[in-house]
Structure formats: structure tokens, C-alpha cells
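Shown next, in C-alpha cells, is the structure this report addresses.
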Amino acid sequence: MSFVFYILATLTLAGALAAVMLKNTVHCALALTVAFAGLALLFLNLDAQFAGFAQILVYIGAVAILVVFAILLTKGSETPKDGVFSRTWLAGLAIAAAVFAVLGWAVLNSAWALPHETAVPEVTVKQIGDALVGRYVLPLEIVAVLLTAAMIGAVIVAMHEKERTK
Amino acid sequence: MSTTLFTVTADQFFVLLQHWVVSFLPGSWQPVAATVVSSAAIVLLFPILFALTTVFERKGLARIQNRLGPNRVGPFGILQPMADGIKSLTKEDIVPTTADAAVHFLAPVLLVVAVFMGFAVLPMGRNMVLVDMDAGLLFYFAMGASTELSVFMAGWSSRNKYSLLGAMRAVAQMISYEVPLLLSAVTVVMITGSLSLTKIVAAQDQYSYGLPHWYIFTPWGFAAFVLYAISTTAETNRSPFDLPEGESELVAGYHTEYSGFKFALFFLAEYVAMFSISGLGTTLFLGGWSAPFAFLSWVPSWIWFFSKLMMSIFVFIWLRGTLPRLRQDQLMNFAWKFVLPLCLLNLLVAALWRFMGDGWLRWVVCSAILVLAYVGMGLIGMRSKRLGPRSYRYAE
Amino acid sequence: MIQEMTVPFAPTTHCYGGSLAAQLLWLIPAAPVVASGINALLKQPKRRTAATLAIGSLACSLLLSLFAFGHVFAGWAVGETVRETVNLTWFQFGSTSVDLGWVLDPLSAVMLVMVSLVGLLIFIYSTGYMKNDENYTRFFCFLSLFAGAMLGVVIANSLLLLFMCWEIVGLTSYLLIGFWYQKPAAAAAAKKAFITTRVGDVFFLLGIVWLFAQTGTLLFYNNGAGSMEAGALSGLLAQPAALGLTAAGAIGLLIFAGAAGKSGQFPLHVWLPDAMEGPTPVSALIHAATMVAAGVYLVARVYPLMQAGALAGGSTTALTVITWVGAFTAVFAALIAVAQNDIKRILAYSTVSQLGYMMAGLGMGGVAVGMFHLITHAFFKALLFMGAGSVIHGCHEEQDIRKMGGLRAQMRVTFLTYAIGMLALCGFPLLFSGFWSKDGILEAAQHWSVAKAPFYMLVFGALLTAFYMTRQVSYVFFGQSRSAQHAHESPRVMTVPLGILAFFAIALGAIGTPAWPWFRAFLDGRVAGFDWQGFAEPGLIGLMGISTLVVVLGLGLGWMLYGDKSPAPEEPDALESAVPMVWRLLRDRVYLDELYGATVIAFYAGWARVSDWLDRRVWGGAVAAVAAMTGFGARLNRFLDTNVVDGVFDKGCEEMGVGGGLLARAQSGRVQSYLRMLALAVIALAAILIWSSRP
Amino acid sequence: MSPLAGFLIVAALLFSIGLAGALTRRNAILVLIGIELMLNAANLNLIAFWRYGPHPEALTGMMFAIFSIAVAAAEAAVGLGLVIQIHRHAHTTDIDAMNRMKG
């Protein structure tokens, strides 16, 4: 377990924890970006170069901005009046802990069966390109359609009220 | 023969220099040291260039506006940047009390880091690239993506209505123009078949009948370059698109609450972003470090790269001096209703170009399509605009 | 030539007879029926049209009948007996089919002419008689319907068609007897007539069905396959029936029972005297000439069946029975006629006795003898009835002969024609037709092999006939007038038909004399030469002498007892004072009506009460019980429905509702609670997965 | 312990942190953030298994992760669009207030 992995792991988890725990929503959003960046680096650490850059480009480039915009548009940035956490936060926490316990237990139990060291897969963008338009051409087309639909949907949903109900 | 030796050494001067420096260190450290040296070179070189361009720009603008420009500090105002630098360093760095200190401080730092990261993959000369990454272009755009976030952080953290408004406009503009930027770059990738910038430059580094194979001289390449240029000016909030820090309305846009060194950082980041986006433009369309004519190939490659770079900077300044500022809705409409459709069309043309095989036919077809498209979009655009007197929807 | 009928049934007309007459035969009954149909639609005041229609249609039927008779006569003259049938299949079910058809042969030709001629004369007569009756059109409608039906019976070649027309004849006789339905006596008489004839018809129907069952066809003549032809008859003979009779004999008797009902033979004759309640033309037409003759015609038509199995000259049981019934009826009716005071009732009983003569004639002498007497009797009996009608009309609806008298002077023409009719009826020798036809019967009786008794009975009957006719004539025409009003002669429209009939009463005798037996030859299809040797048959002269003696004796006795005396109405009758007991017995019609009343009517009345009791108590009770059961079932059902079904169902729905409520709370709308549940599910699944897959 | 186990543990932890965020936070956007984290945890798992899996050249894990990133982006866009719309109508992003769909 390389030293880099530990750093990146702590970075990501800290970011995630901050994103969940912080009081100020914008700070949460920024913490989220840190978590995204940490994940991207983890991907790079796993030699998944294309995935890492895609992660940065998509998440940090678009989703983070989206979240921040959403926060601003919904006046999220003012400090909420009545507590940041919902009334039944304890139950939620307990359940999350339970989920982690189950997953952790599953991982630890099967840890001995996991492969230790494998060769670094030599992946070039050309291979990915070929895979995308070769074996995965159908998912590619479907995702294309999905993205268009989502874009149009999001626009319509969030369109300014006045015009739509003219 | 001796000339070639000379040209090669001139060409590879920096590479050899680097090897020489690195050779002093023990073997295992060599790769790390090499990168450190190269990055140090980059980090030093571009701020100097930044300083030069500030003067270059102010003098250029002045010339355009028929005035002299700074000529008090040093001969012909050459030392003006030194003065600015010392001024910004010595100025008091005021942080508004209501501002969100951490985010306020973090914004400029993140911006500068993100911008400098771009240079890692730019081939500034023959095998003078910091990291020859297989997905170089993707890395570049990934790094470019975080600029918007830092702009937003700056705008929001200073708790100032104008700065927030400026940040929102800047981010909206940058996101709108990021899509055409990527799409125009994708056309180049489609033709060369690889994301790595060195391969792209290599693909353009051929000559036929003395003319270079630069992509700009192909119909789709030229169209893509035009769209790329437009997007870059918008990405760096320059010239016609510099609404965010439009001095007349929003004081200084998202960096109003910044002063002193942080303000300088913003300024530095803006110019370095300009250099890096122009650098990319040259590698993609103007053949990177390849010489314009075959017989000029003896000139060192990095000279071509930097000269093209400076030519682009000159164009930026030229644009700033001549074009009026665009209104926000015009800017957005222009992005989504003119630039984006043409980029998509350009993708189609590039595909056609690639699969029609050599010959004059593909030239005719591609250029015909593009010309028709431009003329058509222009006419439609012009006819719908009522060029009557300016009407203020909100002002009155 | 018969165009394909487009009526629903698809008749397979194997028209055996090709001649025009046979083809058009069906028009004869059709004309009067159509006329009656139109009359029925006419309004009451349309008197003239109704009369002209009725008379016109019957005249046209007469013409067609004469044409058909001419055709048959021409055939007979050439020497081959004409029998042309046109048969249609009425409807087909499976392999068997019910056929109708009509036949043209000497028997039917003669009857056609007789019925249409007599009918026409009576129609003309009744225009005068019914002039001041307000239901004039209705009267003519019924009359023409009757004529049509009667002609239908005559031409029928299928028992079924015959039976249908037979029933219509019965219906019209009911309608016409009860024409003055306001009078309760007329209504009762009509019902009585209808019911008694129906008793006969039941047996007739049984006979038809049995015949159809045995031979598979109802047609008389169907070029070989008809029931009256050899093939069927042999089959019937082979079939043994009850009481030692063969099937043929049994069916014959059943059919004779129907005939007896309609022709008023002994057990079923009670309705005929009461039928005098109807208007006189009705009595004349129906109860003298035609309808009552239908029974005799039926026996004549079915004669081959009756005679089947008879040895040469011998007689079958059926014929023997007919003869005995006929002879007894003749004597019995004649005895009662002697003691009657109503002018029409005497004539009614005389008709019954003469029908007895005809039946006896058929039974002993064969078709020709019976039919000849029928034809002659039709004419002079119609004459007598019409004469009585004009007398009644003259005496202003007076019917009791003891209140009449001395009409000789006032109603001269009526007297003359009536006297001719009376002499023909009595069988006055040589000149009158009655003598020859009755003589034929007596001759047949004389030669009858089975027994001698019928001959003596018939002779005694002849004596009685002469006696009561002279009694009637002397009461009505001779002596002094005993009624208050002054009788007046009837108008020409009534007296002319009387004259014509009187002529026929005399002329018809000619065709049946032994010297020139044309009628017998015509019917049997033999050649009739004129030679005086006819009289030279052994015993014929003797027989003629006896009958003459008997007639003269009867007349003398009658004149002696009643003559010109015309006693006062309340005085006892001459004969009554002589033999009061017998007289009173005979006057009250041998108390037969009372007997029937006591036996048959009582029997039915009893059964009626029983069935009424059954109906009300037993079936009613059962129905009531069922109703109660269903009621109880309904109440039980309601109870079950409301308590059990609804109860359970409602409770179930309630529980469902409550459960729903619980579940609804889970759907709190808060996204996070959904997520929690989701996460819990994930944990549970993961745990199960891991737990189950552990080594 | 193999590096893969490490990655799996990190992914699990990240997933549960995301889940905790989604379950406990009151603000709708933060629930969405929690969901994004959970999705990323899944991607990490995919890449980890791909990297240490038997057939890395088959690229299945990586492709799956790339597609999942794309879909997650679309989902985030639509989700936030909805939240904005709800806010515009109900003037609140408090997740407990949004129970109009109550049964």
C-alpha cells in the first residue's frame, strides 16, 4: 500500500467528511470539489488516466459549478434558521454506520482472496477510443441520447416560470 | 553539415541545458530533477513574459488610441512592469471583514496553480515538452476546468454584490465558451487521430511544395481556428468579452475586493492563461514549433513557437483596442446560437474531410459547406436583429 | 300450366290431370271465399254490393262447375272415366310431406253442379227474405264463406284439405245458426250444433291420423300412391285392428262417425232440429241441401276404403254398421216428425230421416244409389224449406202450424210449389224424382244379403214420411185460416227460385229410372243405353208396386186424420187423442236431449268441477307452495347477503383501509425516510448475500 | 492486505459518508452532494476492480466508470434543476418541507 495512496485517501475522505459536516453550504460544495480532486488523483494512482481526467473535467469542471450555482440560486448560502441536520439525523447516521459495517465486513472477509499485485495495464487513449466505438458503441449512443434529454429536461425544469406559463 | 549541427544544438539548446543540469544529481533522482528543472524554467519564463506583455499591451493600446502609452519608467517605458510589480507588492492587502477569509485567500492561489498546470503538456519546441502525455489535450482541458471554480470562489467569498454578480457573469461566460473551445480542439483530434499534442504538431510538421501542412490552411482548420480564437478571448475574459471586470459598470468584477499582492496574482493568472491558451492554439492550428516554410526549418523550433505565441498575444491586444464590449445576453446568444452550431458543423466537415480521401474534391466540398454556413448564419443573425436605436429593457 | 307458386311452401305439383278444367278447379271454392273476405271488410250499409258480390261469385263458380261437368261428361261420353288430380306439397319435414290437392271425377262434378246451383237459388231467395234485416252484409259474408268451404270439401283430393274445409263448414253453420245471436235460443242452438258436430269430428280426425300413420299419405288419388288406391288399401287390410276389425274397417268406421256427426245420424242428430233457430235460407241451404249432405259425400268419397275386403256383392262390417245406423235413423226421425207442431222442425226431422235413407242406400247399394237420393233430396228439401220460409214470411214470422191454415188461397204459387216438393219427398210414383231415388234404395235393400230387416224399416219409414207430410200440408194449407193477420204472397224474387226448384224436383227423376239409369252409369263410368228392358228386372215391378201402395196409404191416412179439419190450436192433435202416451213421447223428442243432458253433460260437468277443484287446490296449492318457498329463499338470501356477505366484506374492507392507513404513514413524502428504508434494505440484502455465500 | 482491499475500504467509507450526508442533511442540495459522493465511491470501486481485476485489457471497469461519470453528471444537472424549481415554488430547500407527495 503505497504512501501516495494513504495521502490521497485521507485527502478524499477529509473532503467528503467536510462536504457532509460543514455548516456553510458553499464550503460544503468546495469541500466536495476537494473530494472530487482526491478521487481523480486516486484514479490516476490506479493508472486510469482517461478516467481521472474525465473525472476532473466532468466533476470539478461542471458538477461542482452546478452545485455552487444551485446553492446560490436557492439562497442556500444564508445560514439556515433551524439547524443544519434534519430531525431524524441520528437514525440516518446509525444506518450509514451499519452500511459501512456490512461493506467493511464483506471486504475484510474476502480480503485474502483479492489479487495482490498485477501488472500496470498499458492503456492508451486509442484503445479507449476503439473500445468506445467498438464494443461499447450502444452504451455510447444511449449515453449521448441520455445527456441530450437530461440537458433539455434540466433546461425546461429550471426555465424561468414567467415565460413558460404565459 | 556543420550548419545542421549548429541548428540542432540551437534547436535543442534548452533540452541539452536541462540534461546538463540534471546530470549533476544521482541517478535515481534524475527523472524527478528533470521535471523540477523544466517546471522551474516554465514558472520563471512566463511571469517575465507577463511583465513584458503588460507594457507591450499598454503601449499597443495607446498606439491604437493614438497616444504614447507608458514612457516615463525606463527607456520607452520598458521598466513599467517593474514599477507595477513593486507597487502591487507594497500595497496593503485589505480583506473585507465580512469576507470568507479562507476562500478569499484560496481563490487566487487555486487560479494561478490551475493556469500554470496547462503548460505541462504544451510542446514548446522539438521534444521540449515537460510531460509527453498520451491524453495531453484532455489533461490541458481538465486543468482548465478549475479556473471557473476559482473565479467563483473569488467572487463569492468577497461578500460583495458587484463581485458576486461579476463572478456569476464570468463563470457563465467561461462555461458557455468552454464547449466551443473543446469542440474546435476535437476537430483537430479527429484528423490527427490522437490526443497527444506532440503527435498533433508532428502531423503538421510536413511540407508540400514548400507550404507547411498547418491545419489552419485547411478549410475546416481555418473555421476551427476562427471559432477557437473567439472562444479563447471569451475564456480569458479578454477584449470584446471582458464584461466581468467591465470597469464602467462592475468596478473590477470578481476581484474588486482584492488588493495588493492577491490582485497582482489575479492579473498574473489572467495573462498566463492567455499565454497558455494561445500556446495551445499554436500547437493545434499553427503547427506548434514547425517552421512556416521548409527552407526556414533551420531556425530553432522554440523560436517559432514563441513568435507565434507573441503574434497571438498581439492579436488579443489588437482586439482589445478595437472591438466594443458585448452585452451579456448578446454574448450568451452569440455563444449558443452562432459559435456552437458552427462548431458542430465543423465536426461534420472534418469527418467529411477525413473520409473523402485526398484530392481537390474534398477542398471544394468542405469550403463550400463552411462558406455557405457562415454566410447563412450571418444573414439569419443580421436579419433578426433590429438594428434600431438601443433600447434598455431594464434601465428606464 | 300452374305457374310456380311463390308462396313459402315449394309445392311439387305433380299435376296428374293436365286438362284446363282440372287446373282451374281450385277457382270454384276460391271465388266465394274471396267474396266473403271482401264482404267481411264492407261496412254494414253496403247491402247491395255484398249481395251482388256473393251472388256473382257463386254464379261464376256455377259456370266453372258446369264447364268441369261438361269436360267430365265429354270424357264419359267417349267412354273413359275421367279422374284428374292436381296435388301440391303443403310442407315438407324430413322425408314425409303433407300434400294437398283437388280431384275432378264424376262424383265431384255432380256434387259441384248441385251445390253451386242450389246455393245460387237460395242466395237469390235470401236477398228477398233478409231484406229488412240490418246485418244483411254479414249474412251474405257468412253464406259465401259457407259455399266456398262446401265446394272445397267437394273438390278435395286430400283428407287434410277436406277436413279443413269440413271445419270451416262447421264454423259457418255455427255462425249462421247463431246469426240472431241476440236470441238466447239461437246462441244455444249454435253452440249445440257446433259441439255435437265436433264430437263427430274428433273421431274423424282420429281416423285421418290413423290413415296417415298407416299409409303415409292423405291423398285419395295420387296416381297409384293415394290412400284410396289399391296399394294403400291392401296394406290397410293386412293390418289387424281392435275388435276383429281390419285397419281399413276401423278407419272407415271412425270416418263414418265424423260423417254421422255432420249429417245428423242417430246418436248425433240432436243439433239439427234446434238448428232451425237460424234464418230459413240458412236452414234451406245448410240443413237441407248441402252441409248435411257433406257427411254422405264423405262416405261416398271414402267408399273404396269402406268397401275394401268385401267379397263379391258382400258387405264389410263398416258398410253393415252404416246401413243399420241409416235405417234406424230413418225410422226413428220419421216417428218423431209425426208429432211435431213447428213447420221447420217437421222438415228438420224429415231431413234426418232422409239422410238415414241415404246412409242406408250407400251401405247397401253402393255410391250411385246413395248419391242419386242425395241429389234429388237436396232439390226438393230446399224447395220445401224455402216454401216454409215464404209461408213464415207471409204469416209474419208465425212458425206453429196449428196457428196457420187455409193458405191455399192466399199463397197460391207457394202452395203449388210446396205441394210438388211434398209429393217428391213422399216418393209419389212415376212423376216425381223422390220416387225413383227412394225406389233405388229400397231395391238395394231388397237385394241386401246381410239381413232383410232394413228393407222393412225403410218401407215403414216411407209410410211415415207420407203421413207426416200430408199432416203438415193439411194443417198449413187446407182448412180455414186460424191466424189473425191476413197472409200475403211472397215477392217474385222468392217465388221464382221455388218454381225452378219445383221443376228440378220433377225433372231429376228422369236420369235415375231403371229404364235409363244415366246417373248410375255416369258415376260408375259405364255406358247408359235407353231400353225399356230395365224394368224387366225380376222383382222390380213388385217393389214399385209396394212403394206406391205404401205412399198412397200414408197420404190417405194423413188426409183422413187431418184433411180440411184445421182444429183449434189448443185442441189435442188427432193422433194425440188416439195414442196420447206415444204422442207425448214423440212430441218431446223421446226425451233424448234430457238423456244427453243427464249423461254426457252431467259427466262433463262433473269432470269440470273435478278439474276446477284440482286446479284450484292441487296445482294452486303447489304454485302457492313454490311461491312461499321462493319468498323464504329470498328472505334467507337477503339475510345472508346483508349479514354474512356484506358483513365479512365490509369488515374486510375496513381492515384493508386501516392497513392502508398504516402503510400511508410510511409514505411520509420525506425523501430521507425513503432513503433510510432503502439503505436498510441494502444492508439486509448484503448481509444475506455474505452470510449465504460464506464457505 | 492487498492494495485493492485498501481501495475498497476507502470506497466503502466514502459511500457511507455520502449516505450519512444524504440521510442527515436538511438541505436538498446537500442530499444531492451526498448522492454524488456515493456515485463516486462506486466509480472508485469500479476502477479499483478494473485495475486489480483479471482482465484489465478488456477495459470493462474503466468504460463502466466513464459512462457512470457521464450519467452522474446528467443526473446531477436534472436533480439540481428540480431543486431550483422546487425552491422557486416552495421558497425552501428544506427536504422535510417537501412532502407534497405524502401518501
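We did not get these values from a lab; they are worked out from the coordinates using the rules stated. Everything quoted here is computed from the prediction, not taken from an experiment. Neighbour counts run over all protein chains shown; Cβ positions are idealised from the backbone, glycine included.
Two tests apply to each whole DSSP H helix in chain C, Cα reach of 30 Å or more along its axis and mean Kyte-Doolittle hydropathy of at least -1.0, and the ones passing both are C:47-78, C:106-129, C:184-215, C:317-338, C:343-365, C:367-394, C:453-477, C:540-561, C:671-692.
Quotient of the Cα radius of gyration of chain C and 2.2 N^0.38 Å, N being its number of residues: 1.39.
Relative contact order for segment C:245-386: what percent, with Cα pairs under 8 Å and sequence separation of 6 or more? Averaging sequence separation for qualifying contacts and normalising by length gives 31 percent for segment C:245-386. Of the peptides C:219-227, B:268-276, B:314-322, the order by per-residue mean of other Cβ atoms within 10 Å, starting with the highest, comes out as B:268-276, C:219-227, B:314-322. Helical content of the protein assembly as shown, expressed as a calculated mean residue ellipticity at 222 nm, amounts to -22500 deg cm²/dmol (DSSP H runs of 4 or more residues, -39,500 (n - 2.57) each, divided by residue number, nearest 500). Computed over chain C, relative contact order equals 10 percent, with contacts defined as Cα pairs under 8 Å that lie 6+ residues apart. Sorted ascending by nearby beta carbons within 10 Å, beginning with the fewest, B:TRP298, C:TRP210 become B:TRP298, C:TRP210. Here's how it looks for C:LEU88: its modeled amide H is under 5 Å from those of C:LEU100, C:GLY101, which are all 5 or more places away or on a different chain. Look at the dipole of chain C built from charges on Cβ: of C:HIS396, C:SER490, C:LEU549, the Cα furthest out on the positive end belongs to C:HIS396.
Computed across segment C:458-542, the Kirkwood hydrodynamic radius from all distinct Cα-Cα pairs reaches 17.2 Å.
With a Förster radius of 60 Å applied to the C-beta separation of C:LEU553 and C:LEU614, the computed FRET efficiency comes to 0.50. Averaged over the residues of peptide B:146-154, the number of Cβ atoms from other protein chains lying within 10 Å of each residue's Cβ is 4. Considering only C-alpha atoms, what is the centroid distance from segment C:666-695 to segment C:550-591, in Å? Each part's Cα centre sits 131 Å from the other's. Here chain A is assigned +1 on the Cβ of each Lys and Arg and -1 on the Cβ of each Asp and Glu. Its dipole about the Cα centre then comes out at about 620 debye.
Note on chain B: dipole from Cβ charges, positive end direction compared against B:VAL21, B:LEU326, B:PHE275; the farthest Cα belongs to B:LEU326. Would you mind pulling out the separation of the Cα centroids of segment C:191-220 and segment A:1-53, in Å? If we compute the Cα centre of each part, the gap is 118 Å. Remark: relative contact order (chain B) = 21 percent; criterion is Cα-Cα distance under 8 angstrom and separation of 6 or more residues. How much length, in nm to one decimal, is gained on full extension between C:VAL626 and C:ARG48, taken as 0.36 nm per residue of separation minus their Cα-Cα distance? Here the answer is 202.0 nm. Across every direction, the projection of the convex hull enclosing the Cα atoms of segment D:3-90 has a mean area of 5.8 nm².
First check a/c for chain B, with a ≥ b ≥ c the square roots of the eigenvalues of its C-alpha gyration tensor; if it is under 1.5, answer rounded, and if not, answer prolate when a/b is larger than b/c or oblate otherwise. Judged from the Cα gyration tensor, chain B comes out oblate (a/c at least 1.5, b/c at or above a/b). Using the Cβ-Cβ distance between B:TYR209 and B:LEU296 with R0 set to 22 Å, the FRET efficiency works out to roughly 0.90.
Computed from Cα atoms alone, the Kirkwood hydrodynamic radius reported for segment B:292-396 is 18.1 Å.
Between A:ARG87 and A:GLU117, the contour length at 0.36 nm per residue exceeds the alpha carbon distance by 6.2 nm. Going by neighbour counts of Cβ atoms within 10 Å, the residues C:ILE322, B:ILE42 line up, fewest first, as B:ILE42, C:ILE322. Ranked for footprinting exposure by Cβ neighbours inside 10 Å, fewest first, C:MET276, C:MET386, C:MET629, B:MET190 give C:MET629, B:MET190, C:MET276, C:MET386.
Taking only the alpha carbons of segment A:123-166, we obtain Rg and Dmax values of 17.0, 53 Å in that order.
Rounded, prolate or oblate: which one fits segment C:501-634, using the alpha carbon gyration tensor with axes a ≥ b ≥ c (rounded when a/c is under 1.5, else prolate when a/b beats b/c, else oblate)? Oblate shape, in that a/c is at least 1.5 and b/c is the bigger or equal ratio. Rounded, prolate or oblate: which fits segment A:1-80, taking a ≥ b ≥ c as square roots of the Cα gyration tensor eigenvalues, rounded meaning a/c under 1.5, else prolate when a/b beats b/c? Oblate shape, in that a/c is at least 1.5 and b/c is the bigger or equal ratio. Gain on full extension, evaluated as 0.36 nm per residue between C:TRP607 and C:VAL658 minus their Cα-Cα distance, stands at 11.2 nm. Residue by residue along A:123-129, Cβ atoms of other protein chains within 10 Å of the local Cβ number 6 on average. Taking Cβ atoms as reference points and 14 Å as the exclusive limit, the residues near C:CYS165 contribute a net charge of 0, counting Lys and Arg as +1 and Asp and Glu as -1. The 3J(HN,Hα) values that the Karplus relation (6.51, -1.76, 1.60; θ = phi - 60°) gives for segment D:64-78 are, in residue order, 4, 5, 4, 4, 5, 4, 4, 5, 4, 4, 4, 4, 4, 4, 5 Hz. Gly and Pro appear as x. For segment A:123-166, the dipole from Cβ point charges (+1 on Lys and Arg, -1 on Asp and Glu) about the Cα centre works out to 80 debye, to the nearest 20.
Cα to Cα, under 27 Å, and not fewer than 8 places away if on the same chain: which lysines meet these conditions relative to B:LYS199? Those lysines meeting the cut-off are A:LYS126, B:LYS308. The string of couplings for segment C:513-520 from the Karplus curve (6.51, -1.76, 1.60, θ = phi - 60°) is 6, x, 6, 10, x, 5, 5, 4 Hz, one whole number per residue in order, with x for Gly and Pro. In this Cβ point-charge picture (+1 for Lys and Arg, -1 for Asp and Glu), chain C has a dipole of about 1460 debye about its Cα centre. Here the protein assembly as shown yields Rg over Rh of 1.55, to two decimals, using C-alpha coordinates and the Kirkwood radius. For the peptide D:85-96, the mean number of other protein chain Cβ atoms found within 10 angstrom of a residue's Cβ is 4. Under 28 Å of direct C-alpha separation, and excluding same-chain neighbours fewer than eight residues apart, C:LYS183 reaches these lysines: C:LYS43, C:LYS46, C:LYS131, C:LYS191, C:LYS192, C:LYS262, C:LYS344, C:LYS381, C:LYS403. Between the beta carbons of C:LEU171 and C:LEU595, assuming R0 = 22 Å, the FRET efficiency works out to 0.20 to the nearest 0.05. Just checking the listed ones, B:LEU106, B:LEU89, B:LEU25: in the Gaussian network model of chain B with Cα springs under 10 Å, the one fluctuating most is B:LEU25. Each residue, C:LEU585 and C:ALA681, gets one label point 7 Å from its Cα in the Cβ direction; the gap between the two is 11.7 nm.
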